[in-house]
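The values are calculated or read from the model by the stated rules, or taken from the named source; none is laboratory data. Bear in mind that the values here come from a model prediction, so they are computed numbers and not experimental data. Glycine also receives a Cβ, built like all others from the backbone with ideal geometry; neighbour counts cover every protein chain displayed. Heads up: the accessible areas ignore ligands, DNA and RNA and are worked out on the full protein's heavy atoms, side chains in. Shrake-Rupley method; radii C 1.70, N 1.55, O 1.52, S 1.80 Å.
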Amino acid sequence: MPPPRQVIDGLWRCLCPSVDATLLAKAPTLSSTSAIRSRSRVSRKDGLHRHRGARSLSQQSHGYRANVDSFVSPDLYIEPKWPQSQQKSETVADATVTATEIIQATNDLTEVLKEASTPVIYEALRELRNHHGQHGKIRPIIQFLLNNRKEKPNPFIYESLVVANWDITGSADELGFIFDSMVAAGVEPSIGVLQSALKALAVHPDYLLRTDILRSLGAKGARLDKEAKISVTLGLLRDGQFEKALDLLDELVYSDHLVPAWVFEIFIYTLARRGFVEEAVRVMQVRLKARNQNTPSRALPLGTWYFLLDECSRALHHEGTKLVWDHLVQKRLVNPPDGVVINVLNMASRHQDADLATRAIELLAERGVRLGLHHYEALVECYAYNGDLLNALQVLCIMEGADISPGAASTRSIFLLFRRSPELLDGVKEMMENLKAAGYKIPIAALNVVLEAVCEEGPTVDKAFGMYRDLLHLCSSGPDLRTFQILLQKAQKAQTAQELESEMLMYTLKPTRDMYEDFVRCSIVDGDLNTAFNYLAQMELAPLARNSSRRMWISHPTLVQLLKRCFNEMDPRAWAVVDVARERKIDLEIEIKKLLAEMPKETAVSDQRAQEAITMMGAVRPAYEEALDAGDLKTLSSSAA
């Protein structure tokens, strides 16, 4: 006796894809070819390829039209109705269940359907189309119609199955199965079915299936309505084809269609999350300029504005941040958190927007947030970049009044401003006097950056020293080590160094090792050699300056100058310096040989250490002299080696 025939209908695969595996397990007599075909039907990969072939969704071949706006035709959509013969099919006597009760049913859906008439069930299917989040009920309702009410598949049932895929539980594979079953049953997909499928593909994107549907719509001469165009646009966005999606959005906006606000929201969220902040801002600008889009009923939710402000400020996008700030924050319609405001402040500093940075600071101050060094420095950079020296200095004064002492790092932007516009130094004294008269506390950092800029411009320290005398009384505190470090680095005379040393003693400031080296250098130039050696001895006990180099002695150029001065004056302490340098592993052989070569013969004969050095280097003396004559230090170094 032959086994019972297993009927595997495409509609059942749509309703229950696992039916293939169940039937194959119970039907061992099925051929291997059928088994392979059945398994491939539930495979996502093969299922996609199944409807990506040359076959169109309808039974006849159609020409392909790439531009969705070329589908020209009057409105051909007519909602399909079930056949009259099925309307007279089995119903429930005295049925009192309504379509609303079916839609609102939860766990006992089957029991509710048993008490409903078939027309009411169809009416519930029709109404479920417009109930967001309820599309998952469509499949069990259709299963009930096919199993319990013995309804035959009809265009309305197929379209309802397509609508069921609007839910997140649907898939592009299921849409392919539905169209396959329609072709097998000889049912031509209507325009309504195809447009409903486009909406499902906006949730479950499949580029090739969407193209096949558009081809079928073009063959029917159908023009896409607004909803279908929105579905195609969102599907392209989900596919990652952002440029095409943006082009279609532009066409929708600049046509007579009224684009819902939620479409713009999806674009803004998707583009910004993918890192395309510039494009997200452009969508927001298009949204604000669109006709009839800014009424309260169509306004974008505040959450979208918050999101865009957060993303733009974090990405340091100036145009987008300012757009949201000017539209909502400045009008007190939204109140962003402190973290977002700080991001706005950093963004304004990066783009030198002093106005926006000031408003961000004011908003933080209104909330009672304790402003720190990094808040004020961002504002100083904005003013300095825009050439507003007075406001930049005023911010430094505000920092001083808030017990936040600015340092050298806080004034780098002002120093660069002086370098770009040195003429501002002529009026800086008047600015500081006006700030003092207005009751501000002028920090010493403001004086230091002025002195630094003056030393940068002038060849000597005289002008800077005069500026120091004129502006020091304006500062709220006395000078610091940075003040004298700036002046000493430019000083060239021993008298200037001694005056600065006296000033430091007056303010009980102890020189650092770097500053003692400047004292030694100035004393070597035109001072007393004994004073230079005295500074050199004190240098050993002096502390290292903050962020200074870790060297324990004077630098190589200063050491060479000291030796040269000692050799010129025939000071025997020169050889003590050489011994200390050798102990510290400082290479001075080339310089010593050069100094010995320049030493007068009678002086060299009378100097025992010089004779010993000449004797020790006698074998290589001609090579050194030749190298010195040529002036080639590289040759000199190789000869010493």
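Quick notes on this one:
- Residue check: R551 meets all listed conditions (1) open to solvent by 30 Å² or more (accessible area, probe 1.4 Å); (2) modelled with pLDDT of 85 or more but one, namely (2).
- Filtering the stretch 459-493 to residues that are hydrophobic (A, V, I, L, M, F, W, C) and not in a helix (DSSP H, G or I) leaves V461, C475, A491.
- Of the residues making up the stretch 229-246, those that are aliphatic (A, V, I, L, M) and within 15 Å of A272 (Cβ to Cβ) are L237, A245, L246.
- Filter result for V449 (at pLDDT 95 or above and out of contact with any strand residue (DSSP E or B) (no Cβ under 8 Å at 6 or more places or on another chain)): yes
- Any hit, the stretch 149-157, residues being over 21 Å from S231 (Cα atoms), polar (S, T, N, Q) and out of contact with any strand residue (DSSP E or B) (no Cβ under 8 Å at 6 or more places or on another chain): yes
- Taken over the stretch 227-246, the criterion of being under 13 Å from G192 (Cα atoms) and surrounded by fewer than 23 Cβ atoms within 10 Å (Cβ to Cβ) is satisfied by E227 alone.
- Per-region count, the stretch 363-408, residues buried (at least 21 other Cβ atoms within 10 Å of the Cβ) and outside any helix (DSSP H, G or I): 1
- Some residue of the stretch 89-104 being at pLDDT below 75 and of a type in the set (D, E, K, R): yes
- Of all residues making up the stretch 550-586, the number that are of a type in the set (A, V, I, L, M) and part of a loop (DSSP other than H, G, I, E, B): 4
- Which numbered condition V341 misses (of (1) within 22 Å of the chain's Cα centre (by Cα); (2) open to solvent by less than 30 Å² (accessible area, probe 1.4 Å); (3) more than 16 Å from H374 (Cβ to Cβ)): (3)
- Identity of the residue in the stretch 409-421, surrounded by 16 or more Cβ atoms within 10 Å (Cβ to Cβ) and of a type in the set (G, A, S), that ends up farthest from L373 (Cα to Cα): S413
- Scanning the stretch 130-153 for residues that are among the basic types (K, R) and without any contact (Cβ under 8 Å) to a residue 60 or more places away in the chain returns a single hit, K137.
- Hits in the stretch 263-315 - residues which are hydrophobic (A, V, I, L, M, F, W, C) and at pLDDT below 90: V286, L288, A290, A299, L300, L302
- Residue match in the stretch 514-532 (condition: within 44 Å of the chain's Cα centre (by Cα), among the β-branched types (V, I, T) and open to solvent by less than 10 Å² (accessible area, probe 1.4 Å)): no
- One residue from F177, F156 being in contact (Cβ under 8 Å) with a residue 24 or more places away in the chain, in contact with a Pro (Cβ under 6 Å, 6 or more places away or on another chain) and part of a helix (DSSP H, G or I): F156
- Within the stretch 464-485, the presence of at least one residue that is touching a residue at least 24 places away in the same chain (Cβ under 8 Å), among the basic types (K, R) and open to solvent by 30 Å² or more (accessible area, probe 1.4 Å) is confirmed.
- Filter result (within 41 Å of the chain's Cα centre (by Cα) and open to solvent by 40 Å² or more (accessible area, probe 1.4 Å)) within the stretch 188-225: K199, V203, Y207, L208, R215, D225
- Summed over the stretch 298-338, the residues that are more than 17 Å from the chain's Cα centre (by Cα), assigned to a loop (DSSP other than H, G, I, E, B) and more than 18 Å from T270 (Cα to Cα) give a count of 9.
- Here the condition is being within 30 Å of I361 (Cβ to Cβ), assigned to a helix (DSSP H, G or I) and of a type in the set (V, I, T); of V281, V263, V286, it holds for V281 alone.
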